1. If I filter the stretch B:37-56 down to residues being crowded, with 21+ Cβ neighbours inside 10 Å and within 9 Å of another protein chain (Cβ to nearest Cβ), which single residue comes out as farthest from A:LEU237 (Cα to Cα)?
2. Is it true that A:GLU62 is away from chain B (no Cβ under 14 Å), in a loop (DSSP other than H, G, I, E, B), surrounded by fewer than 13 Cβ atoms within 10 Å (Cβ to Cβ) and not aromatic (Phe, Trp, Tyr)?
3. Only one of these is more than 14 Å from every other protein chain (Cβ to nearest Cβ) and in contact with a Gly (Cβ under 9 Å, 6 or more places away or on another chain): A:THR111, A:THR156. Name it.
4. For the stretch A:135-144, indicate whether the set of residues that are more than 15 Å from the chain's Cα centre (by Cα), surrounded by fewer than 22 Cβ atoms within 10 Å (Cβ to Cβ) and either without any contact (Cβ under 8 Å) to a residue 40 or more places away in the chain or within 14 Å of another protein chain (Cβ to nearest Cβ) (or both) is non-empty.
5. So which residues in the stretch A:162-215 are facing chain B (nearest Cβ under 8 Å) and among the aliphatic types (A, V, I, L, M), if there are any at all?
6. Looking at the stretch A:6-45 only, could you name the residues that are within 14 Å of chain B (Cβ to nearest Cβ) and either at pLDDT 95 or above or assigned to a loop (DSSP other than H, G, I, E, B) (or both)?
7. Looking at (1) touching a helix residue (DSSP H, G or I) at 6+ places or on another chain (Cβ under 8 Å); (2) surrounded by fewer than 17 Cβ atoms within 10 Å (Cβ to Cβ); (3) closer than 27 Å to A:LEU291 by Cα, which is the only condition A:ALA67 fails?
8. Identify, from the list B:GLY101, B:GLY141, B:GLY110, the residue that is in a loop (DSSP other than H, G, I, E, B) and surrounded by 12 or more Cβ atoms within 10 Å (Cβ to Cβ).
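The values are calculated or read from the model by the stated rules, or taken from the named source; none is laboratory data. Please read these numbers as outputs of a predicted model, since none were measured by experiment. Note that each Cβ is placed from the backbone with ideal geometry, even for glycine, and that neighbours are counted across all protein chains shown.
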Amino acid sequence: MSESRNETLPQRREVARPGADHWQPTAEWPAVRLRADLLRRARDFFHEHQFLEVETPLLSSETIVDAELEPIGVTIGENGENEETFWLQTSPELCMKRLLSAGAEAIFQITRGFRKEESGPLHNPEFTLMEWYRTGDGMEEGMGLLSDLFQRLMQTNPAKRLSYRDAFLEYAQIDPFEAEPAAYAQIATANGLAVPAQLGDEIDDWRNLLLLELVMPHLGQSEPVILFNYPASQAALAEIRNDPHPVAERFELFYQGIELANGYHELRDPHELRRRTEEANRQRVAQGKRLLPPSRRLEAAMRAGFPRAAGVALGVDRLVLLAAGKKELAEVMTFPFDRA
Amino acid sequence: MATYNTSDFRKGLKVQIDGEPYLVIESNFRKPGKGNAIYTLRMKNLVRGTVLERNYKGGESIEAADVEETEGQFLYRQGENYVFMDTANYEQYELSSEQLGDAWKYLKDGTLCQMILFESNPITITPPNHVVLKVEYCEPGAKGNTATNVTKPVKMETGAEIHCPAFVEMGELIRVDTRTGEYIERVKE
């Protein structure tokens, strides 16, 4: 091998973004119009239900601390002393909940979320979220409102409710609250799944592999499905109910195998919020990710008093994709990230 | 050795798995909203043409394949082997007819091909999309028949046979699409 060959070894990121000549939008006009129509009808729905439309910062000093959500940091200031990192929000959750503590009763927002390195047919690092909260609601009411909205927007039947455990029992033949990693591995092998070499023995990593590969493809093939009662270890910021198997009062809507919305009966306890944030940061450090600032302002809001409430975030780009019968987000976004 | 991290994964990368070079033909990212991501690669083996699908966890990395594209000029045939010269450094390589696949049908002295080297050994040869070859032998065509839907077998100067319209004559030059193996048109000298 000559010297020049050594220098031409593949470089990282050798595949470039499309050039400047790719200036056109990737969505066709009918999809752009469909998006506008869905947004208008969603606003109509929320106004009819006495929801107040609100706006909260996209760029904030705090961000959701989650082991598997990577925010994009923006550094403000010129020299080292004045520099401060702000975070493009992965969802408007923190600030919308502070509004609940400040007296809001029913609020919604249609805004952008940012998630670093999430790129794929159903992911774009910048995306549109519809997020709403209503006080007085628990998981049951939260699921009901989500089903009503979805039915209205997509002209589907009401969503079918399916517990996380029943979904795994039915489609993966495994009890997600009892099984050990070895049992998940066995199911994966029996179904011919390609198991990542470094999956390890985190039970939630195994649950998510089977969810993606074996469970999700079945969800919402006729009517939409709401999965609920998630494992307590996947509670994020949902209340945990102390059943024989403790479950998170968290729910997700799926349609045609695609995950569309995530909702919680909202956690209210500031001490538990701090405990979960610290735990998420511990997991982040163990995975070699950076520490994220604790959610001090939401903690303070919870100490001041946080009402019983349910909240949901719904991915608008995926909603448009399903309504338009498309396969990739680029077909329903004017300028996806590689043309942004 | 260069490596690719899951965040580098995309279509077109050349990677090495179990010592063999693969071209990524599809790269997929899936992730539950709350949960770990799974990266899926569909890859084509650059030597054998077989397709492999693998899943990766975020943060995993795989070796980049020491694969290089260069221009190889076909020099001559030596028994069952074909000899090419890398036009960048004049290095010569021999490929077996098995390695060449159908490419031999379109090779005449001096043809410039795309040559892919893996760890400095040629693994595939791709002739230009269009080549011009001389008709060595064919049955005479019916005079005045300009229809293109009547075809006949024609033997080209490389020894390979191709189907051409009936009006093509011996000694004429024809342009051939090497990707489909189809006749395109006659070429004036």
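1. At the first step, the residues of the stretch B:37-56 found to be crowded, with 21+ Cβ neighbours inside 10 Å are B:37-39, B:41, B:43, B:55-56.
Narrowing further to those that are within 9 Å of another protein chain (Cβ to nearest Cβ): B:37-39, B:55-56.
Values: B:ALA37: 20, B:ILE38: 23, B:TYR39: 26, B:ASN55: 29, B:TYR56: 27 Å.
My answer is B:ASN55.
2. Working: away from chain B (no Cβ under 14 Å): yes; in a loop (DSSP other than H, G, I, E, B): yes; surrounded by fewer than 13 Cβ atoms within 10 Å (Cβ to Cβ): no; not aromatic (Phe, Trp, Tyr): yes.
Against the criterion (away from chain B (no Cβ under 14 Å), in a loop (DSSP other than H, G, I, E, B), surrounded by fewer than 13 Cβ atoms within 10 Å (Cβ to Cβ) and not aromatic (Phe, Trp, Tyr)), A:GLU62 does not qualify.
3. On the way: A:THR111 fails: in contact with a Gly (Cβ under 9 Å, 6 or more places away or on another chain).
After applying the criteria, what remains is A:THR156.
4. Yes - at least one qualifying residue is present in the stretch A:135-144.
5. Correct list: A:LEU193, A:ALA194, A:VAL195, A:ALA197, A:LEU199, A:LEU209, A:LEU211, A:LEU212.
6. First, the residues of the stretch A:6-45 that are within 14 Å of chain B (Cβ to nearest Cβ): A:6-18.
Within the stretch A:6-45, A:THR8, A:LEU9, A:PRO10, A:GLN11, A:ARG12, A:ARG13, A:GLU14, A:VAL15, A:ALA16, A:ARG17, A:PRO18 qualify.
7. (2)
8. Details: B:GLY101 fails: in a loop (DSSP other than H, G, I, E, B); B:GLY110 fails: surrounded by 12 or more Cβ atoms within 10 Å (Cβ to Cβ).
From the options B:GLY101, B:GLY141, B:GLY110, the qualifying one is B:GLY141.
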